[in-house]
Amino acid sequence: MTDQAVVGVVVIGRNEGERLKRCLCSIQEQHSGPVVYVDSGSTDGSTAYARSIGVEVVDLDISTPFTMARGRNAGFAHLLEKYPECQFVQFIDGDCEMAADWLQHGVRFLHENQGYGGVCGNRCERFPEISIYNQLIDMEWQGSEGEVQTCGGDAIYRIEALQAVGGFNESMIAGEEADLCLRIRNRGF
């Protein structure tokens, strides 16, 4: 288990169904601290399920277009408001599962390496053998080991770094993670 006082988790999604259940379960198996699910207008009972297992829910206003950046920022704002003691935030998409012990390893890395603004791992396709498309995506998601210039949406960030750059750019409908990493690096992380 991670130190619940220092890390919070923000999950974003819309109509993820069983995938969201697997996601939240994978988080709660290794983390007893705050978990916030940000929902973008689901109609499949996602919010009711999340609440039923003790996950806090932020429902985005449907009058404004949904973006991943907007969802992540809303969850981050909720986390900061309710849990100001948090030092790190893990973002994860609701259709993903968190690898066992990931939070422990990622937070340890950030504690031991104060100059880094964030840390990420590789994504793996759940069933790469099902189709050539699954195989290609699984291959595409395998990043370089060591220091990288950018990462995807599933990563742990130092809250100090996120606050220094104002979070994700909500005007971007894609590529907001690379933009965030660039701005964090420009701040010296």
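How many percent of the accessible area of the range 5-132 is carbon or sulfur, using a 1.4 Å probe?
Carbon and sulfur atoms account for 52 percent of the accessible area of the range 5-132.
Each label point is 7 Å from the Cα along the Cα-to-Cβ direction; what then is the distance between the points at Q149 and R126, in nm?
3.3
In what sequence, highest mean first, do 59-70, 7-18 appear when ranked by Cβ atoms within 10 angstrom?
7-18, 59-70
Quickly work out the M172-to-E85 label distance, labels modelled 7 Å from Cα along the C-beta direction, and quote it in nm with one decimal.
3.3
Identify the residues of the range 78-108 with backbone N under 15 Å of a label point that sits 7 angstrom from the Cα of I137 along the Cα-to-Cβ direction, or state none.
93-97
For the range 23-30, just list the computed ³J(HN,Hα) in residue order, Karplus coefficients 6.51, -1.76 and 1.60, θ = phi - 60°, integers in Hz, with x standing in for Gly and Pro.
4, 5, 4, 5, 6, 5, 5, 10
Once you have a ≥ b ≥ c as the square roots of the Cα gyration tensor eigenvalues for the chain, tell me rounded if a/c is under 1.5, and otherwise prolate or oblate according to whether a/b is larger than b/c.
rounded
Starting at the first residue of the range 38-49, write each ³J(HN,Hα) from the Karplus equation 6.51 cos²θ - 1.76 cosθ + 1.60 with θ = phi - 60°, in whole Hz, x for Gly and Pro.
Each residue's phi maps through the Karplus curve to give 9, 9, 9, x, 4, 10, 9, x, 4, 5, 5, 4 Hz.
With the other protein chains left in place, how much accessible area per residue, in square angstrom, belongs to the range 1-51 at a 1.4 angstrom probe?
That works out to 40 Å² for each residue.
Give the long-range amide H neighbours of V9: residues separated by 5 or more places, or on another chain, with amide H under 5 Å away, using H modelled in the peptide plane at 1.01 Å from N.
Long-range HN contacts for V9: V35, V36, Q90.
Using only the heavy atoms of the protein chains and a 1.4 Å probe, how would E56, E170, E140 rank by accessible area, largest first?
Accessible-area ranking of E56, E170, E140, largest first: E140, E170, E56.
Between E29 and Q104, how many nm apart are label points set 7 Å from Cα along the C-beta direction?
With each label placed 7 Å out from Cα toward Cβ, I get 1.3 nm.
In the chain, what % of DSSP beta bridges are antiparallel (nearest 5)?
The antiparallel fraction comes to roughly 30 percent.
Roughly speaking, what is the stretch gain from A48 to R185, that is 0.36 nm per residue apart minus the C-alpha to C-alpha distance, in nm to one decimal?
45.5 nm
Rank by packing, highest mean first: peptides 122-131, 176-185, with packing defined as the count of other Cβ atoms within 10 Å averaged across residues.
Top of the packing list down: 176-185, 122-131.
Provide the per-residue ³J(HN,Hα) series for the range 150-160, in order, calculated from phi with Karplus coefficients 6.51, -1.76, 1.60 and θ = phi - 60°, each as a whole number of Hz, with x at glycine and proline positions.
9, 9, x, x, 9, 7, 9, 10, 6, 4, 4
Sorted from largest down, give the three principal axis spans of the alpha carbons of the range 90-170, whole angstrom values.
42, 30, 22
The values are calculated or read from the model by the stated rules, or taken from the named source; none is laboratory data. Computed from a predicted structure; not experimentally measured. Neighbour counts run over all protein chains shown; Cβ positions are idealised from the backbone, glycine included. In case anyone asks, the SASA skips ligands and DNA or RNA and just uses the protein heavy atoms, side chains included. Shrake-Rupley method; radii C 1.70, N 1.55, O 1.52, S 1.80 Å.
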